[in-house]
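Everything on this sheet refers to the single structure shown next.
The values are calculated or read from the model by the stated rules, or taken from the named source; none is laboratory data. Quick caveat: nothing in here was measured; it's all calculated off a predicted structure. Cβ placement follows ideal geometry from the backbone for every residue including glycine, while neighbour counts extend to all protein chains displayed.
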Amino acid sequence: MAYRSNEPYNELPGLPPRVPIETTRVMRRCVTASRALAELKGAGNLLPNQSILINAIPLQEAKLSSEIENIVTTQDRLFRAVVEEPGRVDPQTREVLRYRTALRYGFDALQSRPIDVDLIIELCSILRNDQVSLRDQEPVIIEDANAHRVVYTPPRGRQLIVSLLHNLVDFLLTPGDLDSLIKLAIVHYQFEAIHPFVDGNGRTGRILNILALVQAQLLSIPVLYLSRYIIQNKQEYYRRLQAVTEEQDWEGWLLFMLAAVEETARWTTSRVLAIHELFETTTVRCRQELPRRVYSKELMELIFTQPYVRIQSVIDAGLAKRDTASNYLRELERIGVLQAEKSGREVLYRHPALLGVLSA
Ligand SMILES: Nc1ncnc2c1ncn2[C@@H]1O[C@H](COP(=O)(O)OP(=O)(O)O)[C@@H](O)[C@H]1O
Ligand SMILES: [Mg+2]
């Protein structure tokens, strides 16, 4: 049956795709992308305290992935929001924070169970801050906003969506001949084509990408700014998704996604190395310039875990009681590592060098 963009695509084929996938071009790209990813994994292991990366980098990914959906905040607002009173944080920034919460939730879940349909629903529920369920008869369409034209209408009916999702999860988890990176790209198309929710599909799908890499042990922690490439090539991203539907152009899609993995793996590696280097130089400097009673390795790790900290962060980390904690931060301000900044009646301490490295 011919494909019609304004009728539910109930004939969406299950996985695996029935066309040759591992073409020479795809395999070549897959090799270089895998290599770049392995370097990122190795760089991540350089940092003794993984929570440094696990906090800061996924927050960036959350920002960019949300931006693809026109949910916009600034990096600064986002990092501040982590330590601010929720009432002071604007709704869009809160939404981006929920993206990170969902990514983190998924990552923690993988320690004890594999990706499954329930986990996917949980991720979308966290993102949307609501108990969401799979679509049933709701009329959901994907429009080209500029041309005011329906580009795609996903399959309709809960039963159909459930069976397509089970097929997707089976494909992802069943070991086979296909490379994990190629599987990830295939699954991302399929997830977006199923479009199982009324909203939140793009973001849930991009969280799944990162989780699939962790599950395949291609990453040990959820750090990869995949959405950076996607947002820089947003029109192509949409066009390539649609070309799989209309022309079964899997090769074009796979090459796009593999390039995304490769380029963002390189970029993320450079960020991780820069954080590592800054951590080392800052530690040396603080050890020299801070009074002995103030300096500790744990304090260094704390100011690298969040680009903004407050007195309560020091207390929560178990480093000191209130008065001493406040003294620690003032000492760090005195030697110019942190900068004090007001937030209502509270003082936040900003770490400009770390912010610089994260946004470079
Ligand atoms: N032609 C298409 N076919 C399938 N999926 C698409 C197409 N165009 C865009 N998408 C996906 O749909 C997502 C938007 O869906 P939506 O449910 O609004 O997600 P979110 O709420 O996270 O924005 C895009 O980010 C993209 O992943
Ligand atoms: Mg949306």
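Among the residues of segment 5-23, are any among the basic types (Lys, Arg), surrounded by fewer than 15 Cβ atoms within 10 Å (Cβ to Cβ) and part of a loop (DSSP other than H, G, I, E, B)? Explain how you work it out, then say what you get.
Residues of segment 5-23 that are among the basic types (Lys, Arg), as a first pass: 18.
Imposing the further condition that a residue be surrounded by fewer than 15 Cβ atoms within 10 Å (Cβ to Cβ) reduces the set to 18.
Checking which are part of a loop (DSSP other than H, G, I, E, B) leaves us with 18.
Yes, there is a match, as at least one residue in segment 5-23 is among the basic types (Lys, Arg), surrounded by fewer than 15 Cβ atoms within 10 Å (Cβ to Cβ) and part of a loop (DSSP other than H, G, I, E, B).
Just one of the listed residues (TYR189, TYR225, TYR238) is in the same structural domain as GLU95 (by TED's automatic domain parsing) and within 16 Å of ligand 2 (Cβ to nearest atom), namely TYR238. Look at (1) away from ligand 2 (no atom under 14 Å from the Cβ); (2) in contact (Cβ under 8 Å) with a residue 12 or more places away in the chain and you find that GLY87 fails only one, number (2). Test THR245 against the criterion of being assigned by TED's automatic domain parsing to the domain that holds ARG113, at pLDDT 95 or above, polar (S, T, N, Q) and within 16 Å of ligand 2 (Cβ to nearest atom), and give yes or no. Here the answer is no, as THR245 does not meet what is asked. Answer with yes or no whether ASN55 is part of a loop (DSSP other than H, G, I, E, B) and under 20 Å from ALA274 (Cα atoms). Criteria not met by ASN55. The number of residues in segment 191-226 that are within 8 Å of ligand 1 (Cβ to nearest atom), surrounded by fewer than 22 Cβ atoms within 10 Å (Cβ to Cβ) and among the β-branched types (Val, Ile, Thr) comes to 1.
Of all residues in segment 53-84, how many are in contact (Cβ under 8 Å) with a residue 12 or more places away in the chain, within 14 Å of ligand 2 (Cβ to nearest atom) and over 25 Å from THR269 (Cβ atoms)? Break it down into steps so the answer makes sense when it comes.
Going through segment 53-84, the residues in contact (Cβ under 8 Å) with a residue 12 or more places away in the chain turn out to be 53-69, 71-73, 75-84.
Cutting the leftovers down to within 14 Å of ligand 2 (Cβ to nearest atom) gives us 65-69, 71-72.
Adding the requirement that they be over 25 Å from THR269 (Cβ atoms) leaves 69, 71-72.
Final tally of qualifying residues: 3.
Here is a check on your reading of the model: is GLY157 in contact with a Cys (Cβ under 6 Å, 6 or more places away or on another chain), farther than 23 Å from SER112 by Cα and of a type outside the set (A, V, I, L, M, F, W, C)? No; evaluated as a whole, the condition is false for this residue.
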